[in-house]
Amino acid sequence: MLFWKRSLPVLITFVLGVTFALQYYVPHPASEALLSEVSVWNQIIAGFAAILGVASLLQVHYTKMRRKEAGWGYSVVLYLSMLMTLVIGLWSGGESEGSAFGWLYSYVLVALQSTMFSILGFFVASAAYRAFRARSLEATVLLVAAVFVMFGRVPLGEYLVYGVGQVSDWIMSVPNTAARRGIIIGISLGGIATSIKIIFGLERAYLGGGRD
């Protein structure tokens, strides 16, 4: 029983991981056909994973409603919203212009997304205020660079400070690009290291029991 729950998933992960790591470097029609076939299966598995995710979400919120934990009213709203969306989607035959589901998407979901991004703007402004307080040399450099970029990105800034637009473009194209590339390289190396650990069975958190 332990083989089916632990060893078999690790074996499948190892075989598929090594196979498709090698497939990337094999320019052969059979290799491309294998990738296309597995991509279809990947979409099928993703569909079942979405169903599992929705079921898990409903179970978590049902537990909150049954126990009347803090914020259980939001769980009720979630249930009603999902049920209403499902019924309207099935009744209207999918998203199309002029349908009830299309109206729900355009005038409810889009409005909610706009509201979330508007609220996020206040959090960004608050975080920027805390980060830009010049309490150290690094924070001072960040503050000065942010001022130049903000002045250079608005038409009024060029009238107030001559040449600030060129300074802003240089900051965005040179130091900012260098920092972004460093972050991308770090993320890539971390992703590669994590993938190798998963392929060789050193990381087994996806099995639900953490590392063995």
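Please report the relative contact order for the chain, taking Cα pairs under 8 Å with a sequence separation of at least 6, and give it as a percent rounded to a whole number.
Relative contact order here is 18 percent.
Identify, among Val26, Ser75, Leu120, the residue whose Cα sits farthest towards the positive end of the charge dipole of the chain, taking +1 on the Cβ of Lys and Arg and -1 on the Cβ of Asp and Glu, with the dipole about the Cα centre.
With unit charges placed on the Cβ atoms, the residue in question is Ser75.
Just how large is the dipole of the chain about the Cα centre, in debye to the nearest 20, putting +1 at every Lys and Arg Cβ and -1 at every Asp and Glu Cβ? Present the calculation step by step, with values, prior to reporting the outcome.
Values: 15 positive and 10 negative charges, 201 e Å.
Magnitude of the dipole: close to 960 debye.
Within a Cβ distance under 15 Å of Ser195, other residues only, what is the Lys/Arg minus Asp/Glu net charge?
Residues near Ser195 contribute +1 overall.
Do the sum for the chain: with -39,500 (n - 2.57) for every DSSP H run of n ≥ 4, divided by all residues, what is the mean residue ellipticity at 222 nm, to the nearest 500 deg cm²/dmol?
Details: 9 runs with 160 residues, N = 212.
Roughly -25500 deg cm²/dmol at 222 nm, from the helical runs in the chain.
How long are the three semi-axes of the equivalent ellipsoid of segment 72-127, in whole Å, if each is the root of 5 times an eigenvalue of the C-alpha gyration tensor, listed from largest down?
Semi-axes (√(5λ), whole Å): 27, 16, 5.
Hey, what D do you get for the chain in µm²/s if you plug the Kirkwood alpha-carbon radius into Stokes-Einstein at 25 °C and 0.890 mPa s?
Taking Rh from Cα pairs, D becomes 104 µm²/s.
Going by C-beta contacts inside 10 Å, put Ser75, Ser106 in order with the fewest on the left.
Starting with the residue having the fewest Cβ neighbours, the order is Ser106, Ser75.
Based on the mean of other beta carbon atoms within 10 Å per residue, what is the order of 145-151, 117-123, 17-23, most packed first?
145-151, 17-23, 117-123
Select from Gln59, Gln43, Leu11 the residue farthest towards the positive end of the dipole of segment 1-69; place +1 on Cβ of Lys and Arg, -1 on Cβ of Asp and Glu, and compute about the Cα centre.
Positive-most Cα among the choices belongs to Gln59.
Among all helices in the chain defined by DSSP H, which have a length of 18 Å or more along the axis from Cα atoms plus a Kyte-Doolittle mean of at least 1.0?
8-23, 72-92, 110-131, 137-152
Can you give me the C-alpha center-to-center distance between segment 160-212 and segment 13-70, rounded to a whole angstrom?
Cα centroid of segment 160-212 versus Cα centroid of segment 13-70: 23 Å apart.
No lab work stands behind these numbers, since they all come straight from the coordinates. In this text the structure is predicted, and so the values were computed from the model without any measurement. A quick note on method: Cβ atoms are made from the backbone with ideal geometry, for glycine too, and the neighbour counts reach across all protein chains shown.
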